[in-house]
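Note sheet for the following structure.
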Amino acid sequence: MTPNPYLFIVIFAGMALAFPLLPLGLAWLWRKFFQPPKPGVQKNAIYECGVESIGEAQVQFRSQYYLYAIIFLIFDVEAIFLVPFAVAFTGLPIGAFVALLVFLLLLIEGLVWAWGKGCLNWAK
Amino acid sequence: MGEIDEGLRSELQRQGVWVTSMQELYNWGRKNSIWPLQFGLACCAIEMIATAASRYDIARFGGEVFRPSPRQADLMIVAGTVTKKMAPQIVRLYNQMPDPKYVISMGACAISGGPFKQGYNVLKGIDRYIPVDVYIPGCPPRPEALLHAFMELQRKIDSQKLSGADKAGFLKPEQPSEFPVPAFGEHDLQPPANPDVYHPPKLERV
């Protein structure tokens with residue numbers, strides 16, 4: 001009689017559960033019977049680099065940063081599409097070539113717009 | 001965790017039966033897997049790096065896992081000059097380490113301020129604020145000295161008891177795990193030393 005082929009997955013899942021749970025359970029038992037917990041203000045602090053944290057973590061960014069997001073998108077998307085374009089360049093039919101050229105033109109148009117707006121100037 | 005007769009134990013060991021106790025197993029495990037906190041303060045840190053690198057290889061003693069977070073560290077190697085600006089951070093990092101935790105005071109500066117003892121900005125020894133287990137003299141100590149201190153610490157861990165009146169301090173609920181962090185005062189850190197921790201030797205001039 002052959003065992004159910006899914007039995008191995010059940011065994012595997014059981015082992016995968018037992019492997020992390022057993023040490024955690026042992027550590028919990030150890031803490032319960034031997035080691036008294038000693039929590040404290042600094043021990044429970046969120047930041048752990050020795051410096052006291054200042055203010056809240058949920059800070060808001062200024063909406064002016066959208067320009068950087070757009071410029072990043074232009075170059076990022078361009079790079080992602082340019083690499084397969086370059087790899088398959090010789091085997092492309094003329095239609096695909098034109099389609100990609102239009103797509104690139106759209107992105108370059110965005111770049112020209114950003115350039116014209118002065119976003120690429122180094123902030124003094 | 002009852003005590004076992006040493007003679008009976010070696011007799012059993014000859015027959016291929018290994019008898020151990022919970023305490024020995026626990027201490028054996030943690031003394032061979034000491035995770036130091038990864039931070040260096042001055043030139044001693046270079047020696048500490050050399051100790052961790054291939055030539056001296058602290059991994060032979062189970063201490064190669066330098067942790068970047070105090071939450072995962074067992075050992076703090078205070079390697080270098082502790083400035084008064086850095087001292088609160090070090091105490092805070094020590095406080096954030098979970099028990100059991102140990103401190104090696106590496107080099108003359110961490111022990112007493114060393115050659116910079118007269119400096120206005122130098123703390124005269126980290127043992128003013130946190131309890132130190134092993135001191136290593138030297139300026140800077142060689143990696144062998146750090147390894148020696150590591151082995152001394154392993155010996156200390158091995159001798160710590162899990163139960164009884166003389167059990168290890170970290171198992172006692174009344175022993176603190178956090179120590180007060182000094183603050184910047186007008187001229188010096190306030191307080192200049194923690195009297196619960198700092199017990200300088202009394203000089204007797206005769």
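Which of rounded, prolate, oblate describes region B:101-206, given a ≥ b ≥ c as roots of the alpha-carbon gyration tensor eigenvalues and a/c under 1.5 marking rounded, otherwise prolate only if a/b is larger than b/c? Taking the square roots of the gyration eigenvalues as a ≥ b ≥ c, region B:101-206 is oblate. The residues neighbouring B:Arg67, those whose beta-carbon lies less than 15 Å from its own, together hold a net charge of 0 under the Lys/Arg +1, Asp/Glu -1 convention. Globularity index of region A:30-102 is 2.38 (Cα radius of gyration / 2.2 N^0.38 Å, N = number of residues).
Computed about the Cα centre, the dipole magnitude for the protein assembly as shown is approximately 380 debye when only Lys and Arg (+1) and Asp and Glu (-1) carry charge, each at its Cβ. Using only Cα atoms and rounding to the nearest 10 degrees, what angle (0 to 90) does helix B:143-159 make with the longest principal axis of chain B? Long axis of B:143-159 versus the principal axis of chain B: about 50 degrees. Calculated [222 nm] ellipticity per residue, helices only, for chain A: -21000 deg cm²/dmol; basis is -39500 (n - 2.57) per DSSP H run with n ≥ 4, divided by all residues, nearest 500. Projecting label points 7 angstrom from Cα along Cα→Cβ for B:Asp57 and B:Tyr120 puts them 4.9 nm apart. Residues of region A:10-54 that bury at least 40 Å² of accessible area when the other protein chains are present, relative to the chain alone (probe 1.4 Å, heavy atoms, ligands and nucleic acids excluded): A:Trp30, A:Phe34, A:Gln35, A:Pro36, A:Lys38, A:Gln42, A:Lys43, A:Glu48, A:Gly50.
For chain A, the solvent-accessible area of protein heavy atoms averages 87 Å² per residue (probe radius 1.4 Å; ligands and nucleic acids excluded). Projected over every direction and averaged, the convex hull enclosing the alpha-carbon atoms of region B:77-122 yields 3.0 nm². Kirkwood hydrodynamic radius of chain A, from the reciprocal of the average inverse Cα-Cα distance over all distinct pairs: 22.3 Å.
Against chain B, whose longest principal axis is taken from its Cα atoms, helix B:43-52 shows a tilt of about 20°. Please identify the longest segment of chain B free of exposed GluC sites (Glu not before Pro), where exposed means a DSSP state other than H, G, I, E or B and no more than 11 other Cβ atoms within 10 Å. Between exposed loop sites, the widest span is B:4-173.
With a Förster radius of 35 Å applied to the C-beta separation of A:Phe72 and A:Trp28, the computed FRET efficiency comes to 0.15. Rolling a 1.4 Å probe over the protein heavy atoms of chain A, with every protein chain left in place, gives an accessible area that is 74 percent carbon and sulfur.
Using the 1.4 Å probe convention, the accessible area of region B:63-206 works out to 49 Å² per residue with neighbouring protein chains retained.
A convex hull fitted to the Cα coordinates of the protein assembly as shown yields 352 cubic angstrom per residue. Bridgeable aspartates and glutamates around B:Lys124 (alpha carbons under 13 Å apart, same-chain partners fewer than 8 residues away excluded): B:Asp188.
What accessible area, summed over both chains, is buried at the B-A interface (1.4 Å probe, Å², nearest 100)? Mind dumping the intermediate values first?
Details: alone 11880 and 11760 Å², together 21870 Å².
Interface between B and A: roughly 1800 Å².
The value for region B:25-113 of Rg(Cα) / (2.2 N^0.38 Å) is 1.07. Of all the C-alpha pairs in region B:1-59, what % are more than 16 Å from each other? Pairs farther apart than 16 Å: 64 percent.
Per-residue 3J(HN,Hα) values for region B:185-195, derived from phi via the Karplus relation 6.51 cos²θ - 1.76 cosθ + 1.60 with θ = phi - 60°, read x, 6, 10, 8, 5, 10, x, x, 7, 8, x Hz in sequence order (x marks Gly and Pro).
Write out the GluC sites (Glu not before Pro) in region A:40-123 meeting two conditions: DSSP loop, and at most 10 other Cβ atoms within 10 Å of their Cβ.
Values: sites: A:Glu48, A:Glu52, A:Glu56, A:Glu78, A:Glu109; in loops: A:Glu48, A:Glu52, A:Glu56.
Those that pass, being in a loop and sparsely packed, are A:Glu56.
With Rh defined as the Kirkwood radius, the inverse of the mean 1/r over Cα pairs, the Rg/Rh of region B:35-167 is 0.96.
Within a straight-line Cα-Cα reach of under 20 Å, A:Lys43 can be paired with the following lysines, leaving aside sequence neighbours fewer than 8 residues apart in one chain: A:Lys32, B:Lys101, B:Lys172.
How much mean residue ellipticity at 222 nm does chain B get from its helices, if each DSSP H run of length 4 or more adds -39500 (n - 2.57) and you divide by all residues, to the nearest 500 deg cm²/dmol? Write out the running numbers ahead of the final one.
Numbers: 6 runs with 62 residues, N = 206.
About -9000 deg cm²/dmol.
Of the solvent-accessible surface of region B:1-76, computed with a 1.4 Å probe over protein heavy atoms with every protein chain present, carbon and sulfur atoms account for 55 percent. Think of chain A as a dipole: +1 on every Lys or Arg Cβ, -1 on every Asp or Glu Cβ, centred on the Cα centre; then among A:Ala114, A:Val98, A:Ala16, A:Ala16 lies furthest on the positive end.
The values are calculated or read from the model by the stated rules, or taken from the named source; none is laboratory data. All of these numbers come straight from a predicted model, not from anything done at the bench. Please note: Cβ atoms are built from the backbone with ideal geometry, for glycine as well, and neighbour counts cover all protein chains shown. Please note that ligands, DNA and RNA were not included when accessible areas were found on the heavy atoms of the full protein model with its side chains. Shrake-Rupley method; radii C 1.70, N 1.55, O 1.52, S 1.80 Å.
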